[in-house]
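Worksheet: one structure, shown below.
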Amino acid sequence: YLNGSSKIEKIPEDLFKNCVNVKDFSGIFEGCEKIKEIPENLFKNNVNVTNFMHTFYGCTGLTSIPEGLFKNNVNVKEFREVFKGCTGVTSIPEGLFKNNVNVKEFHETFYGCTGLTSISEELFMNCVNVTNFKLAFYGCTGLTSIPEGLFKNNVNVIDFSGTFMRCTGLTSIPETIVEFAKKVK
């Protein structure tokens with residue numbers, strides 16, 4: 001794994017093309033602060049992967065996330081802390097998790113992404129099996145609003161604690177989100 005490497009600046013698009021049977025990409029680029037972009041087809045052939053925990057954790061130089069990054073990873077169960085601390089990311093593509101229908105966990109996925117200024121209402125639309133959003137957007141101080149229907153299809157959630165804690169830029173929280181959080185507890 002390349003984690004913590006201060007020298008990695010560019011990720012080759014075909015880096016994992018022969019890793020069809022790999023199931024876990026935990027921490028592979030963790031702490032690679034000089035990476036500025038992720039190739040959209042980086043995980044194209046990794047159809048069996050189930051875990052992306054910590055994959056880009058602490059990649060502070062990262063400025064964007066490609067929309068199709070996880071499109072072929074339909075077996076993923078966990079996106080825990082995948083973009084945690086990616087302070088340069090300003091937005092999340094609305095279709096990022098479109099095909100990840102089996103995901104269960106978004107625990108701390110965007111934790112500390114202080115540059116994040118918006119979230120699409122469609123972001124978790126197809127993630128009907130998710131059970132955990134704990135601290136998912138914790139400390140995203142650049143967020144000023146939360147889309148009304150962000151969690152409308154996430155009926156299986158059992159942990160919603162601290163999802164928007166320390167998001168000091170928020171000026172209001174939609175009533176649907178408040179009601180959703182009350183039901184989950």
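Odds and ends about this structure:
- Filter result for the condition that a residue is surrounded by fewer than 17 Cβ atoms within 10 Å (Cβ to Cβ) and either of a type in the set (A, V, I, L, M, F, W, C) or closer than 19 Å to ASN154 by Cβ (or both), over ASN48, ASN102: ASN102
Conditions (1) touching a helix residue (DSSP H, G or I) at 6+ places or on another chain (Cβ under 9 Å); (2) farther than 18 Å from MET53 by Cβ; (3) surrounded by 17 or more Cβ atoms within 10 Å (Cβ to Cβ); (4) without any contact (Cβ under 8 Å) to a residue 60 or more places away in the chain, marked per residue:
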residue	(1), (2), (3), (4)
THR90	no, yes, no, yes
LEU96	no, no, yes, yes
GLY112	no, no, yes, yes
GLU148	yes, yes, no, yes
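- The C-beta contact set for the range 57-83 (first residue within 11 Å of PRO93 (Cβ to Cβ) and among the polar types (S, T, N, Q), second residue modelled with pLDDT of 95 or more and buried (at least 22 other Cβ atoms within 10 Å of the Cβ), distance under 7 angstrom, 6+ apart or interchain) comprises SER64/VAL89.
- In the range 162-179, the residues that are open to solvent by 60 Å² or more (accessible area, probe 1.4 Å), touching a Leu at 6+ places or on another chain (Cβ under 9 Å) and of a type in the set (A, V, I, L, M, F, W, C): MET165
- Restricting attention to the range 116-134 and to residues that are within 15 Å of SER145 (Cα to Cα) and in contact with a strand residue (DSSP E or B) (Cβ under 9 Å, 6 or more places away or on another chain), the residue that is surrounded by the most Cβ atoms within 10 Å (Cβ to Cβ) turns out to be LEU116.
- Check on GLU9, surrounded by 15 or more Cβ atoms within 10 Å (Cβ to Cβ) and part of a loop (DSSP other than H, G, I, E, B): no
- Which listed residue, of ILE65, ILE35, is more than 26 Å from VAL128 (Cα to Cα) and either in a loop (DSSP other than H, G, I, E, B) or touching a strand residue (DSSP E or B) at 6+ places or on another chain (Cβ under 6 Å) (or both): ILE35
- Within the range 152-161, being open to solvent by 10 Å² or more (accessible area, probe 1.4 Å) and not hydroxyl-bearing (Ser, Thr, Tyr) holds for LYS152, ASN153, VAL155, ASN156, VAL157, ILE158, ASP159, PHE160.
The values are calculated or read from the model by the stated rules, or taken from the named source; none is laboratory data. Bear in mind that the values here come from a model prediction, so they are computed numbers and not experimental data. Cβ: placed from backbone, ideal geometry, glycine included. Neighbour counts: every protein chain shown. All accessible areas refer to the heavy atoms of the entire protein, side chains included, with ligands and DNA or RNA removed. Shrake-Rupley method; radii C 1.70, N 1.55, O 1.52, S 1.80 Å.
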